[in-house]
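Participant: Got a structure for you, written out below as structure tokens; questions coming shortly.
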Amino acid sequence: MSHPHPEMGPPPRLAKGGLRVVPLGGLGEIGRNMTVFEHAGRLLIVDCGVLFPEETQPGVDVILPDFTWIRDRLDKVEAVILTHGHEDHIGGVPYLLRERADIPVVGSKLTLAFIEAKLKEHKITPKTIEVSEGQRERLGQFNCEFIAVNHSIPDGLAVAIRTQAGLVLHTGDFKMDQFPLDERITDLRAFARLGEEGVDLFLVDSTNAEVPGFTTSERALAPAIEEVFRTAPKRIIVSSFASHVHRIQQVLDAAHHHGRKVAFVGRSMVRNMGIARDLGYLKIPKGLLVDLKVLEKLPDDKITLVCTGSQGEPMAALSRMANRDHMIRIGKGDTVLLASSLIPGNENAIYRVINSLTRWGANVVHKGNANVHVSGHASAGELVYCYNIVRPSNVMPVHGEWRHLTANAELAVRTGVPAANVVIAEDGVVVDLIDGTAKAVGKVAAGLVYVDGMTVGGATEASLKDRRTLGEEGFITIVALVDADTGKLTEPPEFMARGFVHDQSTFDAVVPLIETALEKAAKEGIGEPHQLEQLIHRTVSRWTHQTYRRSPIILPIVVDA
Ligand SMILES: [Zn+2]
């Protein structure tokens with residue numbers, strides 16, 4: 001397999017007739033999926049998602065793909081195709097359209113409905129092209145065909161892209177549940193037909209490539225969900241992703257069967273389930289759904305709440321219930337069902353929520369103690385089937401961390417794809433398809449772009465480091481009044497500290513050190529306030545490190561007296 005060199009330079013000019021593939025997100029990480037295709041001077045984008053921050057990225061709302069590589073060529077973009085409506089595939093679209101509002105947004109009915117609702121909150125009305133499986137759509141130089149795929153959200157599409165350079169098949173996120181609730185299976189017949197035509201480059205979802213065997217059918221969860229509804233003595237609170245229409249359908253069916261009523265809680269849950277119902281993706285039995293105010297007045301054993309927060313997100317309904325910061329007060333005998341995955345990185349937050357709920361007396365049913373979740377992605381067994389059906393000339397694993405990409409590449413090789421034609425790339429690596437061969441040829445910028453409150457890209461790695469230091473070490477401010485003529489302190493400096501353990505006399509010991517440093521500076525003719533500030537910074541920093549083994553943020557302010 002060809003691993004691109006980590007220190008690749010910028011790519012050469014794209015050869016005439018060639019196709020360039022540039023992943024700007026989603027390779028080497030789980031999230032912010034975005035792939036740009038370039039052919040004959042034109043660009044096509046597939047997906048534009050967000051990545052959610054980890055605990056080491058305090059204050060960050062979401063992380064975007066880096067648009068630097070296309071920013072000065074946005075007028076060349078034919079369209080952005082959205083394979084499905086998950087946040088890690090559509091969440092970046094508002095930020096992309098902020099840079100060029102009229103980029104056509106292409107997707108299936110439900111995907112477009114989800115992105116339009118999101119864009120409305122950003123006050124953007126997109127230009128959209130609705131497509132469905134089996135449909136072909138010419139987007140400038142790119143001849144696209146859309147193929148049904150099954151995933152943990154309805155209406156997912158794979159996309160085949162034909163150009164003079166060849167045929168590319170991009171799976172998007174998919175699995176091969178043979179008995180999905182909506183009976184819409186991954187269209188392997190289309191995969192086979194494209195394989196017959198000759199797939200020159202196959203981009204394949206790697207998320208579950210390390211998982212042996214096959215992903216269990218969604219229907220297999222029915223008994224465990226049924227069990228919860230059969231045995232729960234009091235209220236049932238279900239938490240899931242606000243986009244998992246089929247999982248929520250199963251919950252609604254079970255609630256209906258057991259004579260309970262249901263209310264949706266949380267803005268995104270109410271919004272998305274309203275959309276899914278209006279478009280016919282979610283079937284709600286008559287009289288099942290009631291307003292939260294009405295629900296609250298019912299006996300406990302008639303109540304089902306469906307809310308977000310299954311990942312321990314601090315602002316979501318479930319975390320707030322766990323913290324007693326929500327009108328729903330969890331109590332003894334309540335049952336909480338976490339019908340969702342446990343996304344790596346969220347473990348601490350989720351277990352914190354589970355512990356709090358348990359402490360209030362709830363019985364928490366989750367993936368760890370019951371069969372209440374299956375993945376939305378194809379396992380190794382399914383991927384191998386795909387390789388054998390498609391028989392691609394070149395393979396590029398997408399969507400996953402390095403271990404997932406590598407595992408997927410190994411599967412491709414085991415099915416007979418020549419190792420030299422399997423390209424493991426990470427974000428920013430430029431892969432050119434020329435004369436039927438895919439090769440990594442260079443690297444472009446693909447850094448993490450932080451959205452922080454109202455700013456995009458304002459927070460940098462350096463500011464996050466400061467935030468971590470503030471959180472772990474605290475800070476000290478020193479205000480020093482210095483006589484401009486003598487360079488001496490006119491009175492003892494004033495110290496203010498937060499998060500740094502101190503008392504009245506803590507800083508007494510550092511005052512003589514500052515005085516000595518200032519006297520020395522005066523003799524050397526150093527007197528500019530910013531120079532003196534640097535001097536005080538160095539002095540105090542060395543002292544806190546030697547005396548306390550701490551490295552707080554130090555902010556000296558020198559005032560001419
Ligand atoms: Zn997805």
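Participant: How far, in degrees from 0 to 90, does helix 188-197 lean away from the longest principal axis of the Cα atoms of the chain, to the nearest 10?
Facilitator: Roughly 90 degrees, rounded to the nearest 10.
Participant: Now for a separate question. Please name which of ALA79, ASN272, THR486 has its Cα lying farthest along the dipole of the chain towards the positive end, using unit charges on Cβ (Lys, Arg +1; Asp, Glu -1) and the Cα centre as origin.
Facilitator: Positive-most Cα among the choices belongs to ASN272.
Participant: Choose one of VAL372, PRO23, VAL430: the residue whose Cα lies farthest towards the positive end of the charge dipole of the chain (beta-carbon charges +1 Lys, Arg; -1 Asp, Glu; about the Cα centre).
Facilitator: VAL372
Participant: Find which of GLY172, PRO212, LEU305 sits farthest along the positive direction of the dipole of the chain, computed with +1 on the beta-carbon of Lys and Arg, -1 on that of Asp and Glu, about the Cα centre.
Facilitator: Projecting each Cα onto the dipole axis, the largest value belongs to LEU305.
Participant: Next question, about the same structure. What is the spin-label model distance, in nm, from ARG136 to THR469 if the labels are put 7 Å beyond Cα along the C-beta direction?
Facilitator: The answer from the label model is 6.0 nm.
Participant: Further question on the same structure: Once you charge only the Cβ atoms, +1 for Lys and Arg and -1 for Asp and Glu, what is the size of the charge dipole of the stretch 428-536 about its Cα centre, to the nearest 20 debye? Intermediate values should be presented prior to the final figure.
Facilitator: Details: 9 positive and 18 negative charges, 113 e Å.
Here the stretch 428-536 has a charge dipole of around 540 debye.
Participant: Nothing charged except the Cβ atoms of Lys and Arg (+1) and of Asp and Glu (-1): what's the magnitude of the dipole of the stretch 72-161 about its Cα centre? Round to the nearest 20 debye. Walk me through the intermediate numbers first.
Facilitator: Details: 11 positive and 14 negative charges, 43 e Å.
Computed about the Cα centre, the dipole is about 200 debye.
Participant: In nm, give the distance between the simple-model label positions of MET454 and ASP435, each being 7 Å from the Cα along the Cα-to-Cβ direction.
Facilitator: In this crude label model, MET454 to ASP435 measures out at 5.6 nm.
Participant: With respect to the cross-link table entries LYS332/LYS465; LYS286/LYS332; LYS175/LYS439; LYS175/LYS302; LYS109/LYS332, which display a Cα-Cα separation exceeding 32 Å? Don't jump to the answer; show the numbers that get you there.
Facilitator: Working: LYS332/LYS465 42 Å; LYS286/LYS332 30 Å; LYS175/LYS439 27 Å; LYS175/LYS302 35 Å; LYS109/LYS332 42 Å.
Too far apart for the 32 Å limit: LYS332/LYS465; LYS175/LYS302; LYS109/LYS332.
Participant: If R0 is 30 Å, what FRET efficiency do you get for ASP278 and LYS123 from their C-beta distance, rounded to 0.05? Could the numbers behind the result be given before it?
Facilitator: On the way: r = 22 Å, r/R0 = 0.72.
Efficiency, from the Cβ-Cβ distance: 0.85.
Participant: With the convex hull built on the Cα atoms of the stretch 337-453, state its orientation-averaged projected area in nm².
Facilitator: Details: hull surface 43.9 nm².
Seen from a random direction, the Cα hull of the stretch 337-453 projects 11.0 nm² on average.
Participant: Something else about it: When a/c reaches 1.5 or more, the comparison of a/b and b/c decides; with that in mind, is the chain rounded, prolate or oblate per its Cα gyration tensor?
Facilitator: Values: a/c = 2.35, a/b = 1.33, b/c = 1.76.
Oblate is the answer for the chain, as a/c is 1.5 or above yet b/c matches or exceeds a/b.
Participant: Which loop-located GluC sites (Glu not before Pro) does the stretch 43-134 contain, where loop means any DSSP state but H, G, I, E or B and the Cβ has at most 11 other Cβ atoms within 10 Å? Before the final figure, lay out the partial values.
Facilitator: Details: sites: GLU54, GLU55, GLU78, GLU87, GLU99, GLU116, GLU121, GLU130, GLU133; in loops: GLU54, GLU55, GLU133.
Here the GluC sites (Glu not before Pro) that fit, given the DSSP loop and packing criteria, are GLU55.
Participant: Note down the nm distance, to one decimal, between modelled labels 7 Å out along Cα→Cβ at ASP102 and at ARG219.
Facilitator: 4.9 nm
Participant: To continue, here is another question. Using just the helices of the chain, give the 222 nm mean residue ellipticity in deg cm²/dmol: DSSP H runs with n ≥ 4 each add -39,500 (n - 2.57), and the total is spread over all residues, rounded to 500. Provide the component values of the computation, followed by the final result.
Facilitator: Working: 16 runs with 167 residues, N = 561.
Using -39500 (n - 2.57) per qualifying helix, the result is -9000 deg cm²/dmol.
Participant: Sticking with this structure for a sec: Using a/c under 1.5 as the rounded threshold, could you call the stretch 404-561 rounded, prolate or oblate? The axes a ≥ b ≥ c are square roots of the C-alpha gyration tensor eigenvalues, and prolate needs a/b larger than b/c, oblate otherwise. Could you put the intermediate results ahead of the total?
Facilitator: On the way: a/c = 3.87, a/b = 2.99, b/c = 1.29.
Cα axes put the stretch 404-561 in the prolate bin.
Participant: Is there a quick way to get the dipole size of the chain? I mean about its Cα centre, with the Cβ of Lys and Arg at +1 and of Asp and Glu at -1; what is the value in debye to the nearest 20? If you can, show how the numbers build up before the last one.
Facilitator: Working: 60 positive and 69 negative charges, 345 e Å.
Here the chain has a charge dipole of around 1660 debye.
Participant: R0 = 30 Å: FRET efficiency of LYS302 with LYS367, Cβ-based, nearest 0.05?
Facilitator: Working: r = 27 Å, r/R0 = 0.89.
In this case the efficiency is close to 0.65.
Values quoted throughout were computed directly from the atomic coordinates according to the rules given, and no laboratory measurement underlies them. Keep in mind the model is a prediction, meaning the values are calculated, not measured. Neighbour counts run over all protein chains shown; Cβ positions are idealised from the backbone, glycine included.
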